[in-house]
Amino acid sequence: MKLPLPAALRKPGKPGSGNGRGNGAAPADLRREAPVAPSERGDGSPMEGVKEAGADVVGWIDQRTAATGFLTGMLYRKVPKGTNWFYTLGSATLFAFVVQAVTGVFLAMYYTPSATQAYGSISHINNDVFLGQFVHGMHKWGASVMIILIFVHMARTFFFGAYKYPRELNWVIGVVLLILTLVMGLTGYLLPFDQRSFWATIVANNITGSGPVMGPYLADFLRGGPEIGAITLSRFYALHMLIIPGAIIALIGAHLYLVVKLGTTAPPWLRATDPKAAAPVVPVEAGANGDAGGDGAAPRA
């Protein structure tokens, strides 16, 4: 079923077509016309009224947000020839992040970031809450899926040469997004606060502390004290739920903006066709009267 959309959200017509209107004609909603009876507008069914109301709401929002340009750039941008399933890895990574965000919100409704109650709240989610184990499993394994997808996406970008001019800044943003994704996986691993996550976090914190210059300071900041405990869990929960997701959302917005602005790189196996060489200039001797025939006859009128 094709829903009616305001003119501002429709796909723009070809240049010179006039979008079905005469040059300089005002949009339909700005022209003064005689009122039309409901029976003449459509079939008069309640569904018809719902469609018109929805279209009016969308048009009202678009006039006040000016979102048409962004939507047109996202939905109708040019895509080079030869694109294939490798170009969907970025969208798949974005979808994995959305799944992580949605499932994380539901888990946060039942999780208690306390050293004495964290493990009990996770057990309550898995054993007592309706579909809790399913949502927890999606969040747990979705983290690994997101990390794999972002690695493969960046590998495709590297081997296809999409990091070169003018897309260097987008490549840097992608590297930062990769680091933030790994940090989010590390901070989320401690939240169940069981034996496995506790000792794995100790190992990760010791590795961080072995880094040059900033390593010991960063390890002390994450630990929040001489050893891993309740303060560490609170800091990891704040990083995992607030700081890192906010930074990822902001960088994803900048990443998508640059993708729309700079376009998509064609596959490396498609070379640009060389321009056709110009035909060689053949000198022609002119006749006595300047004509190219050389017979001296006057040109015809």
Can you find even one residue in the stretch 230-245 that is at pLDDT 90 or above and within 15 Å of the chain's Cα centre (by Cα)? yes
Exactly one condition in (1) closer than 15 Å to Y87 by Cα; (2) open to solvent by 30 Å² or more (accessible area, probe 1.4 Å); (3) modelled with pLDDT under 95 is false for F151; which is it? (3)
Since G161 meets every condition but one in (1) surrounded by 13 or more Cβ atoms within 10 Å (Cβ to Cβ); (2) out of contact with any helix residue (DSSP H, G or I) (no Cβ under 8 Å at 6 or more places or on another chain); (3) in contact (Cβ under 8 Å) with a residue 12 or more places away in the chain, which condition does it not meet? (1)
All positions within the stretch 187-232 that are among the aliphatic types (A, V, I, L, M), touching a residue at least 40 places away in the same chain (Cβ under 8 Å) and either loosely packed, with under 13 Cβ neighbours inside 10 Å or within 26 Å of F151 (Cβ to Cβ) (or both): L190, L191
Those residues of the stretch 164-185 which are open to solvent by 60 Å² or more (accessible area, probe 1.4 Å), under 19 Å from A247 (Cβ atoms) and touching a Ser or Thr at 6+ places or on another chain (Cβ under 9 Å), in sequence order: W171
Mind checking whether some residue in the stretch 138-147 is hydrophobic (A, V, I, L, M, F, W, C), more than 23 Å from H255 (Cβ to Cβ) and assigned to a helix (DSSP H, G or I)? yes
Hits in the stretch 43-61 - residues which are surrounded by 11 or more Cβ atoms within 10 Å (Cβ to Cβ) and assigned to a loop (DSSP other than H, G, I, E, B): G44
Going through the stretch 89-111 in order, the residues found to be free of Cβ contacts under 8 Å to residues at least 40 places away in the same chain and either assigned to a helix (DSSP H, G or I) or closer than 19 Å to H255 by Cα (or both) are S91, F95, V98, V102, T103, V105, F106, L107
Selection from the stretch 233-243 of residues open to solvent by less than 10 Å² (accessible area, probe 1.4 Å) and under 16 Å from T103 (Cα atoms) yields none
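Residue-wise test of (1) at pLDDT 90 or above; (2) open to solvent by less than 90 Å² (accessible area, probe 1.4 Å).
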{"residue": "R31", "(1), (2)": "no, no"}
{"residue": "Q63", "(1), (2)": "no, no"}
{"residue": "P80", "(1), (2)": "no, yes"}
{"residue": "Q100", "(1), (2)": "yes, yes"}
{"residue": "G104", "(1), (2)": "yes, yes"}
{"residue": "Q117", "(1), (2)": "yes, no"}
{"residue": "H124", "(1), (2)": "yes, yes"}
{"residue": "L131", "(1), (2)": "yes, no"}
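Listed here are the residues, each with its yes/no results for (1) assigned to a helix (DSSP H, G or I); (2) closer than 25 Å to I248 by Cα; (3) β-branched (V, I, T).
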site	(1), (2), (3)
I125	yes, no, yes
V152	yes, yes, yes
F158	yes, yes, no
L177	yes, yes, no
L191	no, yes, no
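The values are calculated or read from the model by the stated rules, or taken from the named source; none is laboratory data. In this text the structure is predicted, and so the values were computed from the model without any measurement. With ideal geometry, Cβ positions are generated from the backbone for all residues, glycine too; neighbour counts draw on all protein chains shown. Remember, those area values only see protein heavy atoms, side chains included, never the ligands or the DNA or RNA. Shrake-Rupley method; radii C 1.70, N 1.55, O 1.52, S 1.80 Å.
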